[in-house]
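Taking it in order: structure first as structure tokens, then the write-up.
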């Protein structure tokens, strides 16, 4: 039997400072949901300006355990036809340079019935980092589609995302959300509490280094000269799919006139893919945003 030693390396570990791809799986989703919530009761086109905060950074839905914070300013536009656009920037003191990513998003949201809607979008990531042997960005684009079933106060969604660039990856994220809301509470127009549970599934290429025993004495001598051992080294790449992460979140949204303030507590449980060595642990993090909404409806002049 061949003696072997294996190690796993997923695409996320190849990113600068452990992951320059952090915002793609966490803050971009947060900003998109935040923008759409701002438009929930709007009857016309809307423009939303926001500043978001995150106490931690995620990669593929897995916390990197960075005891820091990130800021994400952004602007979103929603047309009453269902088309939307979003431009977000990401800043963190643990990245060099600190402003490391801009994300541009375009999409469309449509109600197909009273209880069923669908959302589709495209994201493009512009990284503000130097490309060298220590930095590698496998994905710079995302296509996604999300069917949503709403049976108030319960909503079910299943987001599918296809990441592509130098490499390709698939992500499936089912989500269950309960919405509890109160309108016209004292001076508050709307207060909503939306506990959610997520499950993230996806694929990765796991690279293993195997030590293969020699078949002849000459091969053993060559291996000792090359590798310092009689075993040769072979690189094996396996494409695996499985559960990557579980997460719980508790967003609290407060709206007053054109302003919306959102706080979210999240708990992340990373899971190792088959054959993957995962050193990340469970963690909690806080996020929040302040959004100003501009109503772009055109009012008709009275006759």
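The values are calculated or read from the model by the stated rules, or taken from the named source; none is laboratory data. None of the values given here were measured: they were computed from a predicted structure. Glycine gets a Cβ as well: all are built from the backbone with ideal geometry, and neighbour counts include every protein chain shown.
Mind listing just one residue for me: the one in region 77-98 that is assigned to a strand (DSSP E or B) and in contact (Cβ under 8 Å) with a residue 24 or more places away in the chain and, of those, farthest from residue 119 (Cα to Cα)? Among residues in region 77-98 that are assigned to a strand (DSSP E or B) and in contact (Cβ under 8 Å) with a residue 24 or more places away in the chain, the one farthest from residue 119 (Cα to Cα) is 92. Considering only residues in region 237-281 that are part of a loop (DSSP other than H, G, I, E, B) and within 17 Å of the chain's Cα centre (by Cα), the one that is surrounded by the most Cβ atoms within 10 Å (Cβ to Cβ) turns out to be 280.
So that you can scan it fast, the table gives a plain yes or no per residue for (1) more than 19 Å from residue 116 (Cβ to Cβ); (2) touching a residue at least 12 places away in the same chain (Cβ under 8 Å); (3) touching a helix residue (DSSP H, G or I) at 6+ places or on another chain (Cβ under 8 Å):
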residue	(1), (2), (3)
148	no, yes, no
154	no, yes, no
165	yes, yes, no
177	no, yes, no
185	yes, no, no
189	yes, yes, no
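Screening 159, 223 for residues that are surrounded by 17 or more Cβ atoms within 10 Å (Cβ to Cβ) and either farther than 28 Å from residue 270 by Cα or more than 30 Å from the chain's Cα centre (by Cα) (or both) leaves exactly one candidate, 223. When residue 228 is tested against (1) under 43 Å from the mean Cα position of the chain (by Cα); (2) without any contact (Cβ under 8 Å) to a residue 12 or more places away in the chain; (3) crowded, with 18+ Cβ neighbours inside 10 Å, only condition (3) is not met.
Here is the figure for region 241-273: residues that are out of contact with any strand residue (DSSP E or B) (no Cβ under 6 Å at 6 or more places or on another chain) and at pLDDT below 90 total 2. Which residue, of 101, 71, 106, is surrounded by fewer than 16 Cβ atoms within 10 Å (Cβ to Cβ), modelled with pLDDT of 85 or more and assigned to a strand (DSSP E or B)? Exactly one residue qualifies, and that residue is 106. Quick one: is residue 211 surrounded by 17 or more Cβ atoms within 10 Å (Cβ to Cβ) and either out of contact with any helix residue (DSSP H, G or I) (no Cβ under 9 Å at 6 or more places or on another chain) or at pLDDT 90 or above (or both)? No. Residue check: residue 122 meets all listed conditions (1) crowded, with 16+ Cβ neighbours inside 10 Å; (2) within 20 Å of the chain's Cα centre (by Cα); (3) outside any loop (DSSP other than H, G, I, E, B) but one, namely (1).
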